[in-house]
Amino acid sequence: MRWSFHLARIAGIDVKIHATFFLLLAWIGWIHHRAGGLTAAIDGIIYVCLIFLCVLLHEFGHALAARRYGIKTPDITLLPIGGVARLERMPDKPSEEMVVAVAGPIVNIVIAAALWLLMGLTSHLPDPDLMQATGISLPARLFVVNVWLVIFNAIPAFPMDGGRVLRALLAMRMDYGRATSIAASVGQGIAAVFFMLGLFGNPMLLLIGVFVYFGAANEAAFAQIKSVTTGLRVSAAMVTQFQSLPLGATLNEAVEALLRTSQHEFPIVDDLGKVRGILTRNDLIAALRKSGPGTPVAEVMRVDIPSVHHSMLFDRAFATMQECNCPALPVLDSNGRLVGLFTPENVGEMIMVQSALGSAHARAAISPAPPPLPSTGPR
Ligand SMILES: [Zn+2]
């Protein structure tokens, strides 16, 4: 995610914080300062930081539960609206997805229980008035926050955890795509109720309604892609007729290739046939303007683009492409040789074709790829 800063690395997971989070802190500090001076401002900022610590621990709950099933979480990002744990993928088994979804709220239940115990103990301390300085004690406020986090996430709508639990419960009885579309409809229905209640004077509910509506729509779209491409391999969808450029080429040669072909991205390969980078049309045009046609492509190409194996499952490669926001992924064979390009246009075409064909029978007919992996459990 752009504009996020690395904060720490805990249990092999990068913890990042989005720049807008600091705006939230500044805003909270300013509001509290106006109401009660510097002490109130510091109190407010500490309170918000502790809330986000609870959110972070919630996300770690998801990440560590996913790790049990061999799913990595490269990073967790804290945003003003909450935390996002970027899981490599969702578990395929509904029961496992349920465990991962429930693990977050369970962390908040544990925190709430610990705060409850703490409050029970401190009420016997000689001077409780000192803690009550701001009306309600900090542990009590945090207790309420954690209870709210559990309630909010229990709402059975994407992108809340309750939406995933609902989908997992449905997916135990029907196929994944159908389960998702039912769960997404339920979520959008709930979003509409929030929105309507929000119209009667609660802007927060209005905002949550919009947030939930798009979350549900997004999940439904992603599940549709997943269901029509299940079992497909990258090799079935990659572009195999394309032009690559040698590492020593200049922008002038790249311009020629750009005009001659309909390609927008060009893999750059070295003498041994290994991919060293990708030159995009936008980068090419920008560099032409800045440094002229004699510039070597090696200075302009993008080198941060991951490659994928031709036998990789389609949805994994699609997730990789979305994650890095890449214009194209080089597809390699087992010897590391470039055999194709995986591009958003081709992915779009593949999804259209698969949706049109629909049946698994037709899928087998157009895909020379190896058969789908045996299912590891009920879908
Ligand atoms: Zn969660």
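The values are calculated or read from the model by the stated rules, or taken from the named source; none is laboratory data. If you're wondering where the values come from, they're calculated on a predicted model, not measured in any experiment. As a convention, Cβ positions derive from the backbone with ideal geometry for all residues, glycine included, and neighbour counts pool all protein chains shown. Side chains are part of the model used for accessible areas, which takes the heavy atoms of the whole protein and leaves out ligands, DNA and RNA. Shrake-Rupley method; radii C 1.70, N 1.55, O 1.52, S 1.80 Å.
Couple of notes before you dig in:
- Count of the stretch 79-120 residues which are hydrophobic (A, V, I, L, M, F, W, C), within 12 Å of the ligand (Cβ to nearest atom) and under 16 Å from the mean Cα position of the chain (by Cα): 5
- For the stretch 278-303, the set of residues classified as in a helix (DSSP H, G or I) and surrounded by 12 or more Cβ atoms within 10 Å (Cβ to Cβ) consists of Arg281, Asp283, Leu284, Ile285, Ala286, Ala287, Leu288, Ser291, Val297, Ala298, listed by residue number.
- Among the candidates Ala192, Ala236, residue that is surrounded by fewer than 20 Cβ atoms within 10 Å (Cβ to Cβ), within 30 Å of Asp270 (Cα to Cα) and either out of contact with any Leu (no Cβ under 6 Å at 6 or more places or on another chain) or small (Gly, Ala, Ser) (or both): Ala236
- Qualifying residue in the stretch 213-220 (condition: surrounded by 16 or more Cβ atoms within 10 Å (Cβ to Cβ) and among the acidic types (Asp, Glu)): yes
- Members of the stretch 8-41 found to be of a type in the set (Gly, Ala, Ser), part of a helix (DSSP H, G or I) and within 30 Å of Lys72 (Cα to Cα), listed by number: Ala19
- Filter result (of a type outside the set (Ser, Thr, Tyr) and away from the ligand (no atom under 16 Å from the Cβ)) within the stretch 45-63: Ile45, Ile46, Val48, Cys49, Leu50
Let's see how each residue does on (1) within 15 Å of Phe21 (Cβ to Cβ); (2) without any contact (Cβ under 8 Å) to a residue 24 or more places away in the chain; (3) within 15 Å of the ligand (Cβ to nearest atom); (4) in a helix (DSSP H, G or I):
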site: Asp43; (1), (2), (3), (4): no, no, no, yes
site: Ala65; (1), (2), (3), (4): no, no, yes, yes
site: Gly70; (1), (2), (3), (4): no, yes, no, no
site: Thr77; (1), (2), (3), (4): yes, no, yes, no
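- If you go through the stretch 12-58 and pick out every residue that is under 30 Å from Val99 (Cβ atoms), touching a helix residue (DSSP H, G or I) at 6+ places or on another chain (Cβ under 7 Å) and open to solvent by 30 Å² or more (accessible area, probe 1.4 Å), you end up with 3.
- Among (1) at pLDDT 85 or above; (2) within 16 Å of the ligand (Cβ to nearest atom) - the single one Pro159 does not satisfy: (1)
- Of all residues in the stretch 145-163, exactly one satisfies the criterion of being free of Cβ contacts under 8 Å to residues at least 40 places away in the same chain and not in a helix (DSSP H, G or I), namely Pro156.
- Residue list for the stretch 79-95, restricted to those being buried (at least 20 other Cβ atoms within 10 Å of the Cβ) and assigned to a helix (DSSP H, G or I): Pro94
- Of all the numbered requirements in (1) of a type outside the set (Ser, Thr, Tyr); (2) in a helix (DSSP H, G or I); (3) within 16 Å of the ligand (Cβ to nearest atom); (4) touching a residue at least 60 places away in the same chain (Cβ under 8 Å), Leu142 misses one, and that requirement is (3).
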